[in-house]
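The values are calculated or read from the model by the stated rules, or taken from the named source; none is laboratory data. Since we're looking at a predicted model, the values are computed, not measured. Methodologically, a virtual Cβ is constructed for each residue, glycine included, from the backbone with ideal geometry; neighbour enumeration extends over all protein chains shown.
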Amino acid sequence: MKRKTSFNHHLLGALGAAAVLALAACGGGGSSTPAPSTGGGTATIQSVSGTITGFGSVIIDGQRFDDSSASVTIDTDPTAPSAGTLSDLRLGMLVDGKLADVVVHAALFGPVGTLDVAASSFTLYGQTVKTVATGATPTVFEGVQDLAGLAAGDVVEVHGTVDAGKAITATRVERKPKAELDKGVRIGGVITMLDTNAKTFRFNEMTIDYHAATVLPDGTALADGQLVVAVGDTPPGVTGFHAKALKIVKPGEGTGLGIGGRITVFGSLADFTVSGVRVDATEATIEGGSAADLGAGVVVAADGTVTDGVLKARKLRILKTPADVLASLKGQVTDWVSASSFKLRGTTVDASAATVVGGTLADLGAGAWVIASGHVQGDVLKAERLEFIDLPAAQPVKLLGEVRDYSAEAKTFRFVGATVRLGEAVEFVGGSAANLANGRRVAVTGTPGADGVVVASRVEFLGELAPQLSVVGGRAFDVADGTFSLPGIGVRFDANTVFDGGSAADLVNGQSVLAKGRFDPTIHALRATWIEIVKAEANAPRVAGPIGDFVSVSDFRVGGQKVDASQASFADGEAASLANGAVVEAVGSLREVAGARVLVATKLRFLVK
């Protein structure tokens, strides 16, 4: 039986895209798998707050949490959150709450005011936003290469934490189309000059009027010094900002809490603040440094129990470099273009300079299962280490790549990091076993055994020089006539490119797109044959990527999200073509089924079969 392990969630320190993830476990007698235990005691982490530094499952400040049964909620308006999927989670998002439901928040949403590239900062509605390129949690950018790519008036969503000077240090900056300003305004900061009679307070120089606002969590009293996110329908005017909702940071009393982020106020080891939560680490085991290393701006992660509103830490980790927080992705290679441009769990990876374990860069290709570890640059993971891992047992797979270490006698070869053994009745297409040789490009369909060896049932010989069909996606930037960029790759289009959901006129900086085509190495760009414009108003839950854990048309996963396509209409393929490795896009609605949130697809499009 499956039982949810409930973790109470609060808006702890995440004035950012906070994702609150749920753990659910299977086992006899209804037992459940707890979150990682805290150091120095037997209590388990019941609530978590920190920065997403990896996936497969979700990694929060270097600690891995299972997300196989997680549900996601988009908290654009805290009074009316909408359902989302695991694919909505991104590197740099702040995570807080109970590991049962993922709630995505943001510190700021609106147009860039002044921009100071030299100072690595900009303003948004008068709030200063600082970006960082070094340290444990450098700023992740999406829809723009880096800070220099922004301009005054660009609409951005900012995720981050408030520092001692009441500026927001961004963990993530995402440029979006200007049309999304219609979604409302979101401003985060520290309460000062609270006037409970007039129902106003200040964010730095801005007056916030909350007389008509819903205050969350219910029953929470406002106070100077609190971290809060204010949401409204219209931008601030000469009289300030009129909020319709306030979301306040408040840790749960008596809960086991893991929290990470920058120290905003430091008094002593017994009294410092991490993203709105007071911490007492006098009894903590300190890792990665000593008490002398602590101070305002230092990135830390602490585990312990909340008592009288203070986190009594049992373990305190000082995070100085990206390696300390395990910037890591684990999963199946998708959106394959080259070793310098592919995706894991929806995140672009450049492994061209990585140390490779268990294979070589030549083994990389669509369908390979790997762990990539390194550092984040922009919104690309620059892998310093790439490890090939065994494919999931007993799940049929389709792999594309080059034959290596072929043995005709043993009927085996190495392939995208795995060992392949020819089965007793292999179907050969475009050749025969006699044509197998090192360097030949083939597509293999088979099933991995418990030993990780793939028993091939079908081998298709591919053209030696034909570039592989690829699908790439993300927020477009550097949009120009006939070209735009996505993380790690350029995209070209022309009059023959088919547009879906819009036209070439809808291509603007920050626009979400999917593009399908073939990579042209002479221009290091994808020549798109098809482009989908994913508009903000078409906000039905959707996922895109390779199918995994395929059981039936009503039971498979895409990017970790469980999907039921039994009621879907199909495009560019049919239900019989559903299988592990097929790249699809599914759009529909989210429903709770047997304790898990399932995307019930109304439309399913095959991107690559």
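Just a few scattered comments:
- Among the residues of the stretch 226-236, none qualifies, meaning not one is surrounded by fewer than 24 Cβ atoms within 10 Å (Cβ to Cβ) and either touching a Ser or Thr at 6+ places or on another chain (Cβ under 8 Å) or free of Cβ contacts under 8 Å to residues at least 12 places away in the same chain (or both).
- Under the condition of being outside any helix (DSSP H, G or I) and either out of contact with any Phe, Trp or Tyr (no Cβ under 7 Å at 6 or more places or on another chain) or among the acidic types (Asp, Glu) (or both), the residues counted in the stretch 430-452 number 12.
- Set Ile259, Ile286, Ile318: member being at pLDDT below 85, of a type in the set (Val, Ile, Thr) and in a strand (DSSP E or B): Ile259
- Listed here are the strands (runs of 3 or more DSSP E) enclosed by the stretch 351-397 that have at least 3 residues being not polar (S, T, N, Q): 369-377, 380-388.
- Looking only at the stretch 413-443, and only at residues there that are more than 28 Å from Ser340 (Cα to Cα) and not small (Gly, Ala, Ser), the one that is nearest to the chain's Cα centre (by Cα): Arg421
- Filtered by the rule that a residue be surrounded by fewer than 19 Cβ atoms within 10 Å (Cβ to Cβ) and closer than 19 Å to Lys176 by Cα, the stretch 126-154 gives Lys130, Gln145, Asp146, Ala148, Gly149, Ala151, Ala152, Gly153.
- Selected residue [in a strand (DSSP E or B), at pLDDT below 80 and buried (at least 18 other Cβ atoms within 10 Å of the Cβ)] from Thr273, Thr305, Thr264, Thr348: Thr264
- Selection count, the stretch 558-571, where residues are under 17 Å from Thr334 (Cβ atoms) and at pLDDT 85 or above: 1
- Applying the criterion of being of a type in the set (Ser, Thr, Tyr) and closer than 26 Å to Val274 by Cβ to the residues of the stretch 196-226, the residue that is modelled with the highest pLDDT is Tyr210.
- Those residues of the stretch 146-166 which are more than 16 Å from Val117 (Cβ to Cβ) and over 23 Å from the mean Cα position of the chain (by Cα), in sequence order: Asp163, Ala164, Gly165, Lys166
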